[in-house]
Amino acid sequence: MTDHDVTDYDPRVNEILERQVPLRLDAQPDWAGALRKAEDGITARPADWGSGLRYACEADAYSRLHSSSPYSSSLGQRPALVSGAAHRRQRSIRLRRPASSSTH
Amino acid sequence: MTKEPVALAALSDIYEHRYARFLRVSEAIVGDAEVARDVVQEAFVRLIRSRLQFRGEGSVEGWVWRTVVNTARNVRRDASKHRAEDPSVEPTATNGHVVDAGVRALLATLPERQRLVLFLRYYADLDYGSIAEVLEIQPGTVGATLNQAHSAMKRLLKEEVPQ
């Protein structure tokens with residue numbers, strides 16, 4: 001912000017506008033929902049589309065199902081940081097569980 | 001490594017950190033808190049889908065703000081057409097909050113650019129350069145437009161906040 005900006009910032013205007021639309025700090029963002037909707041609407045995806053987005057959605061679903069997962073704390077907020085390796089690890093965990101329960 | 005995952009992470013960061021301000025500006029434009037939530041979600045759905053087309057002209061945050069603002073403007077425009085067809089449909093700007101009808105009426109009379117500059121300056125707390133980038137106008141035009149909006153607001157200030 002420059003000095004010029006500060007000069008043109010009118011506290012009385014701010015006060016009146018503040019009454020119009022309050023800042024809703026309690027509003028809950030839903031990044032995972034936006035990701036899911038973005039993927040739902042795509043029929044022809046770019047070649048690299050699935051590399052981040054699909055992993056992110058699956059990982060997010062996984063984190064909700066397995067709250068004790070080490071991924072659960074941040075996946076909803078930073079889904080793009082889920083690497084392919086992490087995804088494969090989650091996938092392998094998911095696939096192994098039914099197999100181990102059926103052998104005993 | 002492609003830039004795609006980085007772009008998605010950047011969008012996620014901006015979404016999480018600026019969500020309340022996106023909501024506020026959207027609500028100011030469309031006049032309804034619930035619709036504003038849908039506006040922000042829809043804007044980010046578009047941003048996610050089109051992120052590979054971002055050319056790097058200007059900042060990512062400016063591109064995000066522009067998409068949010070334009071999505072809200074489109075919704076407002078569609079709602080205005082709907083109201084013209086069905087006068088029984090009125091904007092629900094209150095949403096449980098006390099809304100000064102005089103302020104709303106005054107803001108409604110301002111040219112759209114003045115309203116948007118006010119919202120981006122006061123609700124989004126953007127500086128002149130950022131506002132210029134979002135509205136695709138010159139920074140000098142932002143200052144002039146803001147001055148015009150302030151002058152228009154003074155009439156209301158005299159009535160609402162006697163000194």
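Taken together, the values in this text are just the output of simple stated rules run on the coordinates, not laboratory data. Quantities reported herein were computed from a predicted structural model and do not represent experimental measurements. Note: ideal-geometry Cβ built from the backbone for every residue, glycine included; neighbour counts use all protein chains shown.
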Top-ranked residue in the range B:51-75 [being more than 17 Å from residue B:132 (Cα to Cα) and in contact (Cβ under 8 Å) with a residue 12 or more places away in the chain; ranked as surrounded by the most Cβ atoms within 10 Å (Cβ to Cβ)]:
B:72
Identify all residues within the range B:14-39 that are free of Cβ contacts under 8 Å to residues at least 40 places away in the same chain, more than 8 Å from chain A (Cβ to nearest Cβ) and within 20 Å of residue B:125 (Cα to Cα); write none if there are none.
B:17, B:36, B:39
Give the range B:120-150 a look and list any residue that's facing chain A (nearest Cβ under 8 Å) and in contact (Cβ under 8 Å) with a residue 40 or more places away in the chain, or say none.
B:123
